Structure formats: structure tokens, C-alpha cells
1. Which residues, taken from region 117-154, are in contact (Cβ under 8 Å) with a residue 40 or more places away in the chain, under 30 Å from Q274 (Cα atoms) and surrounded by 12 or more Cβ atoms within 10 Å (Cβ to Cβ)?
2. Has region 184-193 got at least one residue that is open to solvent by 20 Å² or more (accessible area, probe 1.4 Å) and closer than 30 Å to A130 by Cα?
3. Working only within region 104-116, note down all residues that are surrounded by fewer than 19 Cβ atoms within 10 Å (Cβ to Cβ) and over 14 Å from F235 (Cα atoms).
4. With the requirement that a residue be in a helix (DSSP H, G or I) and open to solvent by less than 20 Å² (accessible area, probe 1.4 Å), what does region 247-264 give you?
5. Taking helices (runs of 4 or more DSSP H) that do not extend beyond region 402-480, which have at least 1 residues that are more than 27 Å from the chain's Cα centre (by Cα) and surrounded by 21 or more Cβ atoms within 10 Å (Cβ to Cβ)?
6. Give E68, E118 a once-over and let me know the one that is modelled with pLDDT under 85 and acidic (D, E).
7. Which residues, counting only those in region 87-103, are surrounded by fewer than 22 Cβ atoms within 10 Å (Cβ to Cβ) and assigned to a helix (DSSP H, G or I)?
Amino acid sequence: MSGRVDEVRGLMDAHIAESRVRGDDFDEARDRHHERRQKERGRRPPNNDPVNSSELDTEMVAGPTLTEEQEELRYGAQHVIKLFVPVSLCMLVVVSTISSVNFYSRKDVYLVYAPFHETSPLASTKVWNALANSAILMGVIIVLTVVLILLYKHRCYMVIHGWLILSSFILLFIFSYLYLEECLRAYNIPIDHITAVLVLWNFGVVGMICIHWSGPLRLQQAYLIFVAALMALVFIKYLPEWTTWAVLAVISIWDLVAVLTPNGPLRILVETAQERNENIFPALIYSSTVVYAIVGTANNETTGSSSGVQLDSPGDAESGFVPTWRDEANEREAARRRVVEEDVDVRPRSRSANDVANELGLGDGEQRSDQGTARRPISRTPFQRSPDEEERGVKLGLGDFIFYSVLVGKASSYGDWNTTFACFVAILIGLCLTLLLLAVLKKALPALPISITFGLIFYFASNLLVAPFADTMALHQVFI
């Protein structure tokens, strides 16, 4: 038995001696690395001012801080583009449909919420008809919004889901059938009813699955853009002329009240969702990333960023138009810190007798450090996002898409492309200013008022001033 113990001790001494030799090699490698860093610092331009340790620490931190700020700016710019592209596509669908399908430009049927049809030739009568129609429509919107908030506050999720599913069903099946029929008639494309029904059935079912359950991100985004464009076409078709412009002005004011006032419905909805750590229903929000909320359960592992009205974390109201900038920066900083710690700590700890005994199968199975604490392995893999983690991105309410498209589509219905392009640019400028204000003020702001105000100003200025001026110049063949 004593011979067995001596043999084990001899093996342990050999392992310890070998680890010390390796440790000395690592000491030499670390010293060489330190000498190289000193030489690189010596190549820098000389500075006669004395440099203390605090200034050196400040200099070493300045580089990563600047890099983080650049990464945050690049991250925000990418998400601004992710908003511009879907908004532009939605407006493009509406404008192309208005210019090619005459059905949506004819005024023969009106919504039940617009009982005054503006048939009088007097401008004063049209004005009060438009104001009355817009007041009735806004009353309906306010009532429905309050009902939605009450249902959400009392956790009536099944009722809300049924409501949204019914709305999506009407849009994806009934209104899509009307849209398909009018497009086929406008382009004179023959198709039998069986094929049309099969195509519409597959289109609607896939849309319902992607919007209310799960599906490819691009497909979900495409369906949401199409639904917003279809709703915008419905407003353009079934609202009287002056009522459409009045509704755009009134809805912008309502957006301010609903988001910025302490008791605003949209603000209450957002705060309630934050308190419950839930995502707002994906049928109401366009997201640049996957957002499938599990209603009734709080998911503490994934969060989302937002633009406009949806905020997902309690600190989002203080973090600008992309609330995850700071979170992403913190993650990148933590990853860089881990990599630096792994690179600096190149000298391994000399193994204790217990470690060697564990390797020989004679220890107690517990790895201890020199101080007797449990040893934790250091991962040397670079920072990578897990594939199942929800990618954060920007979100914008579908109502913003709808009314942006209503303004541009209504401007294009008069056939003036200069006015249409001016309204398009005005909306993008207003959206960009809204995002800039969100980043500067660091509080949630409505997305409609600035863009709609700019769009209305550009429309009437272009229609009343620029267009007559351009026509007069073209008539007299004067070119500038």
C-alpha cells in the first residue's frame, strides 16, 4: 500500500513540476508581449507633458467609447432605413393602384361614418360637411380605442384576438377579392372563378397564419404592408373629397393627444404592456424583426425596440427612437471585456495536487483553485447572438402606414406627379424629423403629426402655387 502511495506522489510531483515549467513559458510570453506594447508606445509622437495614470486610463477608454458611439449611430441609421423602405413600399402600392385602377378614384359609395356626401357646389357647405364627417369618424375611432384599452386592461385577450382576426379576415378575403377583381378588370386579364377562389383562399390563409401566428419575417412584413395599403385604398375610395383632408388633419391632432397626454389611450396601452412585460399585438404593429407575442405570459428573456407608440421595456421611454441602442452597446462592451480578459490572462494557474489526483481518478472529483474556490472554465469563443434569441428592431403602428399612404394616394388621384412626389418627400422628411426628435428628447413621440403636417403643407403649396406656376411657364415655353 505504501508503494502505491509513493507512486502516486511521484506522479503528482512530476505533473506539478511540468505545470511550473509551462507557467514559466507563459511568463516569458507575457513579458515579450509587454515589451512589444512598450515599443509601440515609444513610437508615438513624444509629449513633454507629464502623464499620470488617470490620464492614461482616460486615453485607453476613449477609443472603445468612440467606437461604441459610431456603432450606435450606424445601428440607428440602419433601423431608420428599415422604416423608410416599408413606408415607401406601402405608398408605392397605393399610388400605383390609384394611377392604374380607376375603381378607387370613383366616388359612388361612401362609408356609413360619412353621412354628408359633399354634393353641394358651395365651398362653405363642403367645409362643414367635411368637419362633421371627420368629427363622426373621430368619435368612432375614440370609442373603439377606449374599448380596446378596457379589454386589454381587464385581460380580455381572447376578445381582442377575435376582433383582430375578424378584421384581418375581412381585409385578406373580402377586400382582397375586390382588389383582385378590379385589378384583373383594369388590366383585362381573364381568369376563371375556381382559380380565383383557390388563389384567394391560399393568399388569405397564409396571411392569417403569418400575422396572427408565425411565419417568415419577410412574408409577415409583406402582408402587413399590403393590409395597410388596402386599408388606405378603402379610405380613399369611400371617403368624400374634402373629408379625406379633414380626417388627415384631425387624426394628427388625435395622435398627439393619445400619445403625449398623461391619460392618452395609446400611452395607457403602452404603459400597461410595459408593466406586464408583453408585446403589443403583431396585427397592429409593423416590426422590422420577428415579434410574436404569447398573450397571457411574460417573456423575460426577449425584448423589442420600437418607434412610434410601442415600447417593450420600462426604460424605453427614456432611450430615444431606438431603445435598444444602449442594450446593444452594453452587450458589445461586455463581449469586448471578456475577450480582453481572456487575452490578458494567458498564464495558467499551476495545478494543485487535487487536480492531478482528479486526472488520475483518485481525487474527490472537485476542481479547486489555489484559494480553494471552485474553478470555472473560460470560454474563448467570440461573442455571438444565439439563434433562438429574438432580434430587436424598430416597430411602427400600421395606422401610420395607412394615413401616410392616404395622403400620397389622394394627392396622386388628381394626376399631378409633382404634387405626389412632393408629398412623398414631405412624409419621409417628417418621419426623419420625428425619429430625430425621439433620439434628442428621449421620450416617445407620435409618428403622424410632423409627417402629415409637412405633407399637407407641401400638397397645398404645390397644388396652389407650384403647379400653376409650372403650367404658366410651360405654356409660354419658358424654361429655368
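1. Selection gives L137, M138, I141, I142, T145, V146, L148, I149, Y152.
2. no
3. The answer is P115, and nothing else.
4. Of everything in region 247-264, those that are in a helix (DSSP H, G or I) and open to solvent by less than 20 Å² (accessible area, probe 1.4 Å) turn out to be V247, L248, I251, S252, D255, A258, V259.
5. By residue number, 417-441, 449-461.
6. E68
7. S88, L89, L92, V93, S96, S99, S100, N102, F103
The values are calculated or read from the model by the stated rules, or taken from the named source; none is laboratory data. Quick caveat, the model's predicted, so the values are computed rather than measured. Cβ atoms come from the backbone with ideal geometry, glycine included; neighbour counts cover every protein chain shown. For the accessible areas, the whole protein counts, side chains as well, though only heavy atoms, and no ligand, DNA or RNA atoms are used. Shrake-Rupley method; radii C 1.70, N 1.55, O 1.52, S 1.80 Å.
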